[in-house]
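Notes for the one structure printed next.
The values are calculated or read from the model by the stated rules, or taken from the named source; none is laboratory data. These figures come from a predicted structure and were not determined experimentally. Glycine gets a Cβ as well: all are built from the backbone with ideal geometry, and neighbour counts include every protein chain shown. For the accessible areas, the whole protein counts, side chains as well, though only heavy atoms, and no ligand, DNA or RNA atoms are used. Shrake-Rupley method; radii C 1.70, N 1.55, O 1.52, S 1.80 Å.
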Amino acid sequence: MIGYTLEDRVAVIEFQRPEARNALNPELIEAFEAAIDRAEEDGAFVIVLTGQGTVFSAGADLRSGAVLDKNFMARVIRLYQRIEDMKQIVIAAVNGPAVGAGVQLAMVADLRVLDPSATIAIPAAKLGVTIDKWTLRRLVDLVGGGHARSVLMAAEKLGAEQLAQLGFANRIGDREAALEYARGITRLAPLSLQNYKALFKNDVAREPLTEDDEARLHAVWDSEDLREALTARFEKREPRFSGR
């Protein structure tokens, strides 16, 4: 479910559920956390996140009822915060489409190398779900407010070339390009990079949720619209949202 290799202080963590488009479920998250533990124990300087096959990650696996539990969402948010707090530099080698939580995984990285086939999309509004404050503000930071609104409020998809122009992608290239990027970073001063990482991540995206923020999130995840969206996916039809 998770691949792990270490060479020249570069740890590669690979999501290995290609049959499910590398979608996240509790088992994958648990294996991912274990791989992060291993990279820290091994003294990795740079961690490269990537996906097996042609998709980076299709996001949360909606076929798993566990991902609809609010505790799962809280666990994923804690995981992102942990990655942001790590001293290692994290590079997302986005080898294809990143959707929903897959985009969050790309954004939690410090740097991003996108394959020409890569795209990002957060179709939460099509599925009757929503995203948190951290995701919104990271997206605004990386693509700008106008494009973030298009991705979230119109469920639009952005391609690699556009993402490079916007600054979301630091480089365009395949996995080998990402690894070469990582190897170059290992030759830089660790303390300098750790300070930069802390400065970049110490922003408004890390503000705690207010009571109103949490209430809005819970209202969506407990809604009839979410149950309707899941039923519609199973029945292969367009959902009929009621706003309840």
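Protein chains only, probe 1.4 Å: how do K133, K87 rank by accessible area, largest first? Before the final figure, lay out each step's value.
Working: K133 40, K87 130 Å².
Heavy-atom accessible area, descending, gives K87, K133.
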Measure out, as a whole number of angstrom, how far apart the alpha-carbon centroids of the range 182-225 and the range 90-122 sit. 15
Based on the alpha-carbon gyration tensor of the range 157-232 and its eigenvalue square roots a ≥ b ≥ c, which shape applies: rounded if a/c is under 1.5, prolate if not and a/b is larger than b/c, or oblate? oblate
Determine the shape class of the range 3-87: with a ≥ b ≥ c the square roots of the Cα gyration tensor eigenvalues, call it rounded for a/c under 1.5, and otherwise prolate if a/b is greater than b/c, oblate otherwise. oblate
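If the chain between S117 and L166 were fully stretched, how many nm would it gain, using 0.36 nm times the residue separation less the Cα-Cα distance? Provide the component values of the computation, followed by the final result.
Values: separation 49, 0.36 × 49 = 17.64 nm, distance 1.65 nm.
Net length gain for the segment: 16.0 nm.
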Helix-only [θ]222 nm of the chain, DSSP H runs n ≥ 4, -39500 (n - 2.57) each, per residue, nearest 500: -14500 deg cm²/dmol
So what J values fall out for the range 234-244 if you push phi through Karplus, 6.51 cos²θ - 1.76 cosθ + 1.60 with θ = phi - 60°, rounded to Hz, Gly and Pro as x? 5, 8, 6, 9, 6, x, 10, 6, 10, x, 10
So, for the range 121-244, what is the accessible surface per residue at a probe of 1.4 Å, expressed in square angstrom? 62
Using a Gaussian network model of the chain whose springs link C-alpha atoms within less than 10 Å, name the residue from R233, R112, R17 with the highest mean-square fluctuation. R233
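In the range 103-145, what percent of the accessible surface is made up of carbon and sulfur (1.4 Å probe, ligands and nucleic acids excluded)?
Working: 730 of 1240 Å².
C and S atoms contribute 59 percent here.
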In order over the range 159-168: 3J(HN,Hα) from phi, Karplus 6.51/-1.76/1.60, θ = phi - 60°, whole Hz, x for each Gly or Pro, gives x, 4, 4, 5, 5, 5, 5, 7, x, 5
Using only Cα atoms, what is the ratio of the radius of gyration of the chain to 2.2 N^0.38 Å? 0.99
Could you work out how much longer the chain between E211 and A154 gets when fully extended? Use 0.36 nm per residue separation minus the Cα distance between them, nm to one decimal. 17.9 nm
Give the shape of the range 101-212 as rounded, prolate or oblate, defined through the alpha-carbon gyration tensor: a ≥ b ≥ c are the square roots of its eigenvalues, a/c under 1.5 means rounded, and otherwise the shape is prolate if a/b is larger than b/c and oblate if not. oblate
Set the Förster radius R0 to 22 Å, insert the Cβ-Cβ distance between L199 and R82 as r into 1/(1 + (r/R0)^6), and round the FRET efficiency to 0.05. 0.75
Can you compute 3J(HN,Hα) from phi for each residue in the range 128-145, using the Karplus curve 6.51 cos²θ - 1.76 cosθ + 1.60 with θ = phi - 60°, rounded to whole Hz and x for Gly and Pro? x, 10, 8, 10, 9, 4, 4, 4, 4, 6, 5, 5, 4, 4, 8, 10, x, x
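For the range 1-53, what is the percent of antiparallel DSSP beta bridges, rounded to the nearest 5? Don't skip to the answer; put the middle values down first.
Numbers: 6 of 12 bridges.
The antiparallel fraction comes to roughly 50 percent.
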Please give, to one decimal in nm, the separation of the simple spin-label points placed at E224 and R237, each 7 Å out from Cα toward the Cβ. 1.6
Enter the accessible area of D69 (Å², nearest 10), with the probe set to 1.4 Å and all protein chains included. 70
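Mind checking the full-extension length gain between Q16 and L188? Use 0.36 nm per residue of separation minus the Cα-Cα distance, one decimal, nm. Before the final figure, lay out the partial values.
Details: separation 172, 0.36 × 172 = 61.92 nm, distance 3.04 nm.
Length gained, Q16 through L188: 58.9 nm.
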